């Protein structure tokens, strides 16, 4: 794969990691929905779609399980007043 293609894949992966961390504490419906979509992208085992997490990791030579391990557990945010949603 050309370096330019690898660069784009790496940027997509880094963007997804940043979104995962940023949206993990979302408290509004839209933010929680976006977080769920990013989370599902990371947990999917799809290797057929070249844009899937597993495919990107394979193309970059990265260990997908190790990357998932760095994300930490997804916790649901607390509502004001201490109630969980």
Exercise for the section: Could you list, in sequence order, all residues of segment 22-31 that are surrounded by 14 or more Cβ atoms within 10 Å (Cβ to Cβ) and under 13 Å from the mean Cα position of the chain (by Cα)? Expected result: 23, 24
Problem - Filtered residues of segment 2-22 (kept if part of a helix (DSSP H, G or I), over 15 Å from residue 51 (Cα atoms) and out of contact with any helix residue (DSSP H, G or I) (no Cβ under 9 Å at 6 or more places or on another chain)) - result: 3, 4, 18
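Right, residue 38: out of contact with any strand residue (DSSP E or B) (no Cβ under 7 Å at 6 or more places or on another chain) and loosely packed, with under 11 Cβ neighbours inside 10 Å or not?
Working: out of contact with any strand residue (DSSP E or B) (no Cβ under 7 Å at 6 or more places or on another chain): yes; loosely packed, with under 11 Cβ neighbours inside 10 Å: no.
In short, no.
Here, each number is a calculation from the coordinates, and none is a lab measurement. Keep in mind the model is a prediction, meaning the values are calculated, not measured. Cβ: placed from backbone, ideal geometry, glycine included. Neighbour counts: every protein chain shown.
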